[in-house]
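Taking it in order: structure first as structure tokens, then the write-up.
The values are calculated or read from the model by the stated rules, or taken from the named source; none is laboratory data. Since we're looking at a predicted model, the values are computed, not measured. Here Cβ is always computed from backbone atoms with ideal geometry, including for glycine, and neighbour counts include all displayed protein chains. All accessible areas refer to the heavy atoms of the entire protein, side chains included, with ligands and DNA or RNA removed. Shrake-Rupley method; radii C 1.70, N 1.55, O 1.52, S 1.80 Å.
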Amino acid sequence: LRLHPPVFTNCRNLVKDVELDEYTVPSGTRVYIPVVQIHTDERNFGKRAKEFLPERWVRWEEERKCWVKRDYAREEQESQQTRERGKQGFTQDPKYIPAANPNYLFSFSDGARNCVGKRLALQESTMLLSCILRDLTVQTREGYVLQKRKKFAMAPPTEMPLRFKRREWD
């Protein structure tokens, strides 16, 4: 949803003046929210912003042998404290993937006018994917590149050759 959001831009009419740095955007102005640009901006998602990296949101917990949700606020605070002490820390490692800030994710918009079906959509898609991936492996044809089709919202691809294969369990 971050790299391929169903709605790639959104707009709102300001109901009051908004201060942005030294600028005032007056009430009544139509403001466009470039969702795709926000989702792929390196200032929001690091040097590898255009890559699909689930590790932005979850981390492997060796002790429990499972994936757990990352706590962006806590990790950001720890990173800030490390910098204040004058230490480089693990964030300088080129392999390090910082936790994603959930405030930069606009797939379902945000605020009072966000998508009313967001929670249901996320819950249903998680359940469906977990059921599919529990029993099947999914592959695309070698060399296949997804072609995005933009209309008002993202349109499904004209083709997406997938191969499903039943998992072999030992």
- Query: Between E142 and A73, how many nm apart are label points set 7 Å from Cα along the C-beta direction?
  - Reply: 4.9 nm
- Item | ³J(HN,Hα), Karplus 6.51/-1.76/1.60, whole Hz, each residue of region 129-144, x for Gly, Pro | 4, 5, 5, 5, 6, 5, 10, 10, 9, 10, 9, 9, 4, 4, x, 5
- Which ³J(HN,Hα) values, rounded to whole Hz and listed in residue order, are derived for region 65-70 from phi using the Karplus coefficients 6.51, -1.76 and 1.60 in 6.51 cos²θ - 1.76 cosθ + 1.60 with θ = phi - 60°, glycine and proline given as x? 6, 7, 8, 10, 5, 7
- Rg to Rh for the chain: what is it, with Cα atoms only and Rh by Kirkwood? 1.01
- For the chain, with only Lys/Arg (+1) and Asp/Glu (-1) charged at the beta-carbon, what is the dipole magnitude about the Cα centre, in debye rounded to 20? 620 debye
- Find the centroid of the Cα atoms in region 1-45 and in region 106-168, then give the distance between the two in whole Å. 24 Å
- Whats the longest run of the chain with zero chymotrypsin sites (Phe, Trp or Tyr not before Pro) that are DSSP loop and have at most 14 other Cβ atoms within 10 Å? 1-51
- Task: Evaluate the relative contact order of the chain (contact order divided by residue number), counting alpha-carbon pairs under 8 angstrom at least 6 apart; express in whole percent.
- Result: 20 percent
- Considering only R149, R85, R48, give the residue with the highest GNM mean-square fluctuation for the chain, with springs between Cα atoms whenever their separation is below 10 Å. R85
- Note on the structure: Simple SL model, points at 7 angstrom along Cα→Cβ for R43 and F164; separation in nm is 4.3 nm
- Carbon/sulfur accessible area of region 18-127, % of total, 1.4 Å probe, equals 53 percent
- Item | Loop-exposed GluC sites (Glu not before Pro) per DSSP, neighbour cap 16 Cβ within 10 angstrom, longest uninterrupted part of the chain | 64-141
- Query: How much accessible area per residue does the chain have, in Å², with a 1.4 Å probe?
  - Reply: 81 Å²
- Dipole-positive endmost among C66, V15, P34 within region 5-67 (Cβ charges, Cα centre): C66
